[in-house]
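To keep things clear, I will list the structure first and then write my remarks on it.
The values are calculated or read from the model by the stated rules, or taken from the named source; none is laboratory data. Nothing here was measured: the structure is a model prediction, and the numbers come from that model. Cβ atoms come from the backbone with ideal geometry, glycine included; neighbour counts cover every protein chain shown. Protein only, heavy atoms only, side chains kept; ligands, DNA and RNA dropped before computing areas. Shrake-Rupley method; radii C 1.70, N 1.55, O 1.52, S 1.80 Å.
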Amino acid sequence: MNFDSILSLSTAILILPLISFLILIFNQKRVGRAAGWIALAFLLADFVLAVIVAYNRLVLYADQAMIQWKFDWFSLGSTTIKLGIGVDNLTAVMLIVVTLISSLVHLFSTEYMKDDPRYPRFFAYLGLFSFSMLGIVLANNFFNMYIFWELVGISSYLLIGFWYEKDTAANANKKAFITNRIGDFGMLIGILICFSSFGTFMFDDIFANIGAGHLPFDSGTMLTVAGICLFCGAIGKSAQFPLHVWLPDAMEGPTPVSALIHAATMVAAGVYLTARIFPLLSADALVFVAYIGAITAFMAATIAITQTDFKRVLAFSTVSQLGYMIMGIGVGAWSLGFMHLVTHAWFKACLFLTAGSVIHAMHASMHHKGDHHTDPQDIRNMGGLRKTMPITYFTYLFACIAIAGVPFTSGFLSKDGILAGTLAFANLSGHWFIPFAGFTAAFMTAFYMFRLLIVSFHGKPSTEIAAQTKENKWSVVFPLMLLAGLSFWFFYSPNPFDANSGWFLQKIQTPASVVPAEYQFDFITALPEGHGEHGILNEFAEELHHMHVPAMLMSLLIAGCGILLSYLVYQWKKINADKVADAIQPLYKLSFNKWYIDEIYERSFIGGTVALSKLLSWFDNKIVDGLVNLCAKIMRGLSWFIGKFDNVVVDGAVNLTAWIVGLSGRLGRQMQTGSVQTYIAFSIIILMIIVYFVA
C-alpha cells in the first residue's frame, strides 16, 4: 500500500464516526433501538481500517518519517496557513487504541443503556466523541489539533451531563468544561507563540525551525514558556494537578462514557499532546512536566485509598496513572510513558466496564426487589459478587493485577520502565522527589485496587441487593474478557520482565530533541539506534539500563507489600481499618476530602469570583447607578428650570407681545371710524408732524 492509500484510509477513519453521528442525531425517532448497532457497525469498520493502516505503517514503513498530507487553507499576506493530516508510528498505535476501545464501549452500551429514553442520542454523542479524538490523533499541525481539542471538550460536556435532569450531572459537565478552558487557554498561548515566531502551525516545520536554532523571539526562556503553555492543555485534559478536580466528578455520566474518557479519548489526549511536543521541550520545561506528573500521581493515589464509591476510586486511579505517564515523558523515558498510555487504556477500560457490569447488575437486582434507596455504586453495599458474577470478577482481577504492576502483565512492563526512568533521571539530575512519588504511588495503587477487589467481590454480600445479583449478558461481559486478555505482557514483549526486547519500544522510539544543546539535558537526545555493543547508548539510556533491575525489584517488593496490606486489613481482618482511621484522623480526613482542593477552590477562585461579582454589582448599583440617578436629577432640575423659564419669561414675552399687538389693534380699530372727514383730519395731522420733524 502506498502513502496515498494510507492517507485515504486515515481520512475514512476520521470521517466514519462523524457520519454515524450525523445519521443518528437527525434520525433519532426513526432509528430507535437500532441506533446502537448502527453506531457499532461504523466503529467496527473504523477499527478494521485502523488495523490496515497500523499494519502498513508499523510493518512496512516503520522507519519512515511521518506520512502526511498538507494543503493550503488560505494566505494572509506572505504567510500561507497549511492544514492536513499525518500518520506516524505514534498515530498508528493510537488509531488502534481509540477505535477498538470505542467499539467495545459501543457494544457494552447496547445493553447498559437499553432502557434509556435518549438511547439514539447517546450513541450519536459517542460517535462525535470518537470523531473528535481521532481528529487529535491524525492532526499534523497545532491548528487542526486545537479544533478537535475543543470538540473533545464539547463532546465530554454532552456525555458527562447526559443525564442532565440530575443536578450533580449538570454541575459536573459544567465543571469539566470550565476547568478545561483554563488549560486550553494556556495551550492557545503556546500555539500563538509558535505561530508568531515561525509563521506555521505544522509540527515538522516548527521542529525544523527550532532545530535550526530559531527560537521563539530568539529566547531560550520563551522556548521554555512556549513548551509549558502547550503543556497546560495536557494539564487540563489529562486532569493533572492543579486542574485534576473535574475528572472524579465526571463519574456522573453513564459508565460507558467513563470508560471511554478514562481509557481512549479525553484524558489520553493530554498525554498524546505531551508526547507530540516532547522534541521542543527544554530542560526546564521537562522538569516542570516531570514534577506535575509526580505530584499528581502521588496526590491522587492518597485520595483513592479512602473513597467508597466504586467509580470514584477508579477515577482517582486514572488521575494517578496519568501522572505516571506525564512523569515518564518528563524524565525522558518518552517511549515508556507512551507505552503506559497504551497498556493503561486496556486495563482501565476493563476496570470501568467491570464497574459498569456491577452497577448494571445491582440496578437490576434493585428493580427486582423494588429497592430505590440503596446506592449501587457504594462498595459497602456490595460484597460476595465473585460468586454471583464470576466473569466480571475474574476480568476485574486480571485488570487489577495489571494496574498494580504484577509480573506477566502489560502494566508491569510499562510502569517498571517509568520507575526505572525516574531513578535514572534522579541519579543524573538530583530530583529525588520524582522517584519517591512514583514508588510511593505504586505502593498505594496496589493497596487501594485490591481493597476495591476484596470489599466488592470477596466475603459475604453486605446487602440483599448484592446477594441477588446475576452475571450480565454477552454484550457486557465480552468486552471485559477481551480487554482483560489485552492486559497480558506478550502483546508488547516476549520477555515478561523487559519491555526493551519487545516490538513496541522498537517501533516507538523516543524522538530526538530539537532544542539547542544549551537548553536541554545532556542525556535527553536520540535513543540508541541499537542495543548493547552494536548501538550508541547515550548517558540517560545507559543509566536507564542500569536502573532497570533495581527498579524492577523495588516495584515488585512495593506492589507485593501493598497487596499484602490490603489482604491483612480487608480479607483477613488482622488490622482494623476503622481504628487506623481514628488514629490518623487528620490524614484520613485529608484523604477522604480529596485534600480539600475543591473547598480551597470554592473559597478562593469561586468565592473570589462571587465576591468580585458582588463588588461589581455594588459598584454598579451604588456608583454607576448613583451617578446616573444624579445626572437624571440634574437633568430633571434643569428641565424644571427651563420649564419655569419658558413659562415665566418666554411665555411672558410672548403674552406681552400679544397684548401690545392687541392694544395696537384696539387702537387701530378706534381709528377706523368709517368717516372720510376723520381720515382726512388724521392724514393732515400726520403730514404736519412729518414736515415738522423733517424741517
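The rows are residues; the columns are (1) open to solvent by 60 Å² or more (accessible area, probe 1.4 Å); (2) in a helix (DSSP H, G or I); (3) not hydrophobic (A, V, I, L, M, F, W, C).
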{"site": "S8", "(1), (2), (3)": "yes, yes, yes"}
{"site": "T11", "(1), (2), (3)": "no, yes, yes"}
{"site": "R30", "(1), (2), (3)": "yes, yes, yes"}
{"site": "I38", "(1), (2), (3)": "no, yes, no"}
{"site": "D46", "(1), (2), (3)": "no, yes, yes"}
{"site": "L58", "(1), (2), (3)": "no, yes, no"}
{"site": "Q64", "(1), (2), (3)": "yes, no, yes"}
{"site": "Q68", "(1), (2), (3)": "no, no, yes"}
(Q) Could you tell me how many of the residues in the range 349-400 are open to solvent by less than 30 Å² (accessible area, probe 1.4 Å) and among the aromatic types (F, W, Y)? (A) 3
Q. Can you name the condition, by its number, that A404 falls short on among (1) surrounded by 18 or more Cβ atoms within 10 Å (Cβ to Cβ); (2) over 30 Å from K460 (Cα atoms); (3) out of contact with any Pro (no Cβ under 9 Å at 6 or more places or on another chain)?
A. (2)
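Being at negative phi and surrounded by fewer than 11 Cβ atoms within 10 Å (Cβ to Cβ): is that true of S591 here?
Details: at negative phi: yes; surrounded by fewer than 11 Cβ atoms within 10 Å (Cβ to Cβ): no.
Considered against the rule, which asks whether it is at negative phi and surrounded by fewer than 11 Cβ atoms within 10 Å (Cβ to Cβ), S591 comes out as no.
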Q: Only residues in the range 356-373 that are more than 16 Å from S475 (Cβ to Cβ) and free of Cβ contacts under 8 Å to residues at least 60 places away in the same chain count as the first member; pair them with residues that are part of a helix (DSSP H, G or I) and of a type outside the set (V, I, T), Cβ under 9 angstrom, at least 6 apart or cross-chain, and list the lot.
A: H372/M366; H373/M366
Q.
I'd like the residue in the range 70-79 that is of a type in the set (S, T, N, Q) and either open to solvent by 50 Å² or more (accessible area, probe 1.4 Å) or part of a helix (DSSP H, G or I) (or both) and, out of all such residues, is nearest to F122 (Cα to Cα).
A. S75
Q) Just one of I235, I228, I261 is over 19 Å from I189 (Cα atoms) and among the aliphatic types (A, V, I, L, M); which is it? A) I261
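Considering each of L107, L83, L95 in turn, give the residue that is crowded, with 17+ Cβ neighbours inside 10 Å and either under 24 Å from I508 (Cβ atoms) or within 15 Å of the chain's Cα centre (by Cα) (or both). Before the answer, list the steps.
On the way: L107 fails: either under 24 Å from I508 (Cβ atoms) or within 15 Å of the chain's Cα centre (by Cα) (or both); L83 fails: either under 24 Å from I508 (Cβ atoms) or within 15 Å of the chain's Cα centre (by Cα) (or both).
Only one candidate qualifies: L95.
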Q: Identify, by number, the condition in (1) in contact with a Ser or Thr (Cβ under 7 Å, 6 or more places away or on another chain); (2) under 16 Å from F108 (Cα atoms) that I391 doesn't meet.
A: (1)
Q | Single condition S604 does not satisfy, out of (1) over 30 Å from I303 (Cβ atoms); (2) surrounded by fewer than 11 Cβ atoms within 10 Å (Cβ to Cβ); (3) modelled with pLDDT of 80 or more; (4) among the small types (G, A, S) | A | (1)
Q: Have a look at F412, F408 and point out the one that is within 16 Å of P550 (Cα to Cα), more than 26 Å from the chain's Cα centre (by Cα) and touching a residue at least 40 places away in the same chain (Cβ under 8 Å).
A: F412
Q) Quick one: which of T318, T255, T265 is among the hydroxyl-bearing types (S, T, Y) and over 15 Å from the mean Cα position of the chain (by Cα)? A) T255
Q | Condition met for F143 (farther than 14 Å from A35 by Cβ and touching a strand residue (DSSP E or B) at 6+ places or on another chain (Cβ under 7 Å)) | A | yes
Q: Look at the range 134-157 and say how many of its residues are touching a residue at least 40 places away in the same chain (Cβ under 8 Å), in a helix (DSSP H, G or I) and not small (G, A, S).
A: 11
Q) In this structure, is I277 farther than 20 Å from Y125 by Cα and either open to solvent by 10 Å² or more (accessible area, probe 1.4 Å) or touching a residue at least 24 places away in the same chain (Cβ under 8 Å) (or both)? A) yes
Q: Give me a count of the residues in the range 471-489 that are open to solvent by 40 Å² or more (accessible area, probe 1.4 Å) and under 31 Å from the mean Cα position of the chain (by Cα).
A: 5
Q.
For a quick check of your reading of the model, give me the residue pairs whose first member lies in the range 214-227 and is touching a residue at least 60 places away in the same chain (Cβ under 8 Å), whose second is among the acidic types (D, E) and surrounded by 13 or more Cβ atoms within 10 Å (Cβ to Cβ), with beta-carbon atoms closer than 6 Å and at least 6 apart or on different chains.
A. T224/D284
Q: Take the range 239-252 and flag every residue that is surrounded by fewer than 24 Cβ atoms within 10 Å (Cβ to Cβ) and in a loop (DSSP other than H, G, I, E, B).
A: F241, P242, L243, V245
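Can you name the residue in the range 214-238 that is assigned to a loop (DSSP other than H, G, I, E, B) and open to solvent by 10 Å² or more (accessible area, probe 1.4 Å) and, of all such residues, is farthest from I597 (Cα to Cα)? Explain how you work it out, then say what you get.
Step one: filter the range 214-238 for residues assigned to a loop (DSSP other than H, G, I, E, B), giving 214-215, 219, 238.
With open to solvent by 10 Å² or more (accessible area, probe 1.4 Å) added as a condition, the list becomes 214-215, 219.
Numbers: H214: 41, L215: 37, S219: 36 Å.
Restricting to residues being assigned to a loop (DSSP other than H, G, I, E, B) and open to solvent by 10 Å² or more (accessible area, probe 1.4 Å), the top hit is H214.
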Q: Answer yes or no: is there a residue in the range 566-585 that is out of contact with any Lys or Arg (no Cβ under 9 Å at 6 or more places or on another chain) and closer than 30 Å to K175 by Cα.
A: yes
Q) Can you find even one residue in the range 429-449 that is of a type in the set (G, A, S), at positive phi, free of Cβ contacts under 8 Å to residues at least 24 places away in the same chain and open to solvent by 10 Å² or more (accessible area, probe 1.4 Å)? A) yes
Q: Please indicate, with yes or no, whether at least one residue in the range 459-470 is modelled with pLDDT under 95, open to solvent by 10 Å² or more (accessible area, probe 1.4 Å), under 27 Å from the mean Cα position of the chain (by Cα) and aliphatic (A, V, I, L, M).
A: no
Q: Considering each of S555, S566 in turn, give the residue that is open to solvent by less than 50 Å² (accessible area, probe 1.4 Å) and within 17 Å of F298 (Cβ to Cβ).
A: S555
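Quick check on G417: is it open to solvent by 20 Å² or more (accessible area, probe 1.4 Å), in contact (Cβ under 8 Å) with a residue 12 or more places away in the chain and either out of contact with any strand residue (DSSP E or B) (no Cβ under 8 Å at 6 or more places or on another chain) or part of a helix (DSSP H, G or I) (or both)?
Answer is no for this residue.
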Q: Check the range 291-313 and report whether any residue there is surrounded by 24 or more Cβ atoms within 10 Å (Cβ to Cβ), of a type outside the set (F, W, Y), touching a residue at least 24 places away in the same chain (Cβ under 8 Å) and not in a helix (DSSP H, G or I).
A: no
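For the range 504-518, enumerate the residues that are of a type in the set (A, V, I, L, M, F, W, C), in contact (Cβ under 8 Å) with a residue 60 or more places away in the chain and surrounded by fewer than 17 Cβ atoms within 10 Å (Cβ to Cβ).
Kept after step one, since they are of a type in the set (A, V, I, L, M, F, W, C), are these residues of the range 504-518: 504-505, 508, 512, 514-515, 517.
Cutting the leftovers down to in contact (Cβ under 8 Å) with a residue 60 or more places away in the chain gives us 504-505, 508, 512, 514-515.
Hit for the range 504-518 is A512, nothing else.
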Q: Please work out if F412 is within 28 Å of P494 (Cβ to Cβ), surrounded by fewer than 24 Cβ atoms within 10 Å (Cβ to Cβ) and out of contact with any Asp or Glu (no Cβ under 7 Å at 6 or more places or on another chain).
A: no
